[in-house]
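What follows is a single structure, written as structure tokens, with notes after it.
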Amino acid sequence: MKAVIFDLDGVITDTAKYHFIAWKKLAASIGIQFDETFNEQLKGISRMDSLQRILKLGNRLNDFTIEEKEKLAEQKNNEYVKLIAAITPQDLLPGIASFLKELKDSKIKIGLASASKNGPSILERLQIASYFDTIVDPGQLKKGKPDPEIFRAAAIQLKIIPNECAGIEDALAGIQSINGAGMFSVGVGVPLEAQPDWRVKSTGDLTLGELKMHFRQKNL
Ligand code: BG6
Ligand code: MG
């Protein structure tokens, strides 16, 4: 295992809850309600694709022009940006700081494969940007998760072949993306239907020793 590629929201920090709050507010403003079960479907999905799914849920897919949809997505992002303004290093999920340090000390490359355009600014706020050897720009991708493109792009940027990489995700679409890329997948609190190579309940369970052991078992 030569690289570990991280999802951001819900893996490194609990911003998944802020995406949920911001989307719920935006949806309510156009008369659409949704719950946490539906929200699972939005995890890992790009801003515009998330909006499309919400509009479909409310049977309002054809009620807005492209410009209006862009406005709605922007409104959601403005709300989200307000919510993340107060993020500090205290908001790292359990175990992530020590896990990043273990990887760095072992000279294992670290990548970010997040669909979020706010990713780099969140890493800065968490004061962990310097750990990352590469960050995929989601604006350059043709397809979002569950397509493998984003995890493949991270491996290409790191110049490491996919089967020497592990990917870590909290969303079904993310696990599908890692598996499709031919990497070892780690699922943090992922839904039952997801099929990660290693399933953990919390980021606190992530240690380099455990990860290497599971990685080796798969590659025997
Ligand atoms: C993913 C989140 O990481 O990024 C999604 O899981 C979010 O919920 C997506 O919609 C896009 O994020 P942003 O910050 O570019 O709107
Ligand atoms: Mg996520």
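Taking Cα atoms, how many degrees apart are the long axis of helix 208-218 and the longest axis of the chain, rounded to 10 and kept between 0 and 90?
The angle comes out near 90 degrees.
Can you give the accessible area per residue of the range 1-110, in Å², using a 1.4 Å probe? Write out the running numbers ahead of the final one.
Details: 5740 Å² over 110 residues.
Ligands and nucleic acids excluded, the figure is 52 Å² per residue.
Computed over the Cα atoms of the chain, what is the convex hull's projected area averaged over all directions, in nm²? Could you put the intermediate results ahead of the total?
Values: hull surface 46.1 nm².
Over all viewing directions, the chain projects a mean Cα-hull area of 11.5 nm².
On the accessible surface of the range 124-220, probed at 1.4 Å, how many percent belong to carbon and sulfur atoms? Before the final figure, lay out the partial values.
Details: 2420 of 4900 Å².
The computed percentage sits at 49.
Can you tell me how much longer the chain between Asn78 and Asp147 gets when fully stretched, taken as 0.36 nm per residue apart minus their C-alpha distance, in nm with one decimal? Numbers along the way, then the final one.
On the way: separation 69, 0.36 × 69 = 24.84 nm, distance 2.71 nm.
Going from the current span to full extension adds 22.1 nm.
Tell me the label-point distance for the pair Ala97, Gln33, using the 7 Å Cα-to-Cβ offset, in nm and rounded to one decimal.
4.1 nm
If you line up the long axis of helix 172-181 against the longest principal axis of the chain, both from Cα atoms, how many degrees apart are they, to the nearest 10?
50 degrees
With a probe of 1.4 Å, find how much accessible area the range 126-220 has per residue, and write the answer as a whole number in Å².
Working: 4690 Å² over 95 residues.
Ligands and nucleic acids excluded, the result is 49 Å² per residue.
Pop out the carbon and sulfur fraction of the accessible area of the range 16-84 as a percent, whole number, probe 1.4 Å.
Details: 1970 of 4020 Å².
Taking all protein chains in place, the range 16-84 shows 49 percent carbon and sulfur surface.
Summing Lys, Arg as +1 and Asp, Glu as -1, what charge do residues with Cβ under 12 Å from the Cβ of Lys142 carry, Lys142 excluded?
Values: positive: Lys143, Arg152; negative: Asp147, Glu149.
The answer is 0.
Any idea how far apart Leu192 and Gln217 come out in nm if each label point goes 7 Å out from Cα toward Cβ?
According to this spin-label approximation, the distance is 2.1 nm.
With angles folded into 0 to 90 degrees, how steeply does helix 96-105 sit against the dominant principal axis of the chain? Use alpha carbons for both and round to 10.
Between helix and principal axis, roughly 40 degrees.
Using DSSP, restrict attention to beta bridges with both residues in the chain and report what percent are antiparallel, rounded to the nearest 5. It would help to have the intermediate numbers written out before the result.
Numbers: 1 of 19 bridges.
Percentage antiparallel, nearest 5: 5.
Between the range 149-220 and the range 52-119, what's the alpha-carbon centroid distance in Å?
19 Å
If you place +1 on the Cβ of every Lys and Arg, -1 on the Cβ of every Asp and Glu, and leave all else neutral, what size is the dipole of the chain about its Cα centre, to the nearest 20 Debye?
Working: 29 positive and 28 negative charges, 60 e Å.
Magnitude of the dipole: close to 280 debye.
The values are calculated or read from the model by the stated rules, or taken from the named source; none is laboratory data. These numbers come from a predicted model, not from an experiment. Neighbour counts run over all protein chains shown; Cβ positions are idealised from the backbone, glycine included. Protein only, heavy atoms only, side chains kept; ligands, DNA and RNA dropped before computing areas. Shrake-Rupley method; radii C 1.70, N 1.55, O 1.52, S 1.80 Å.
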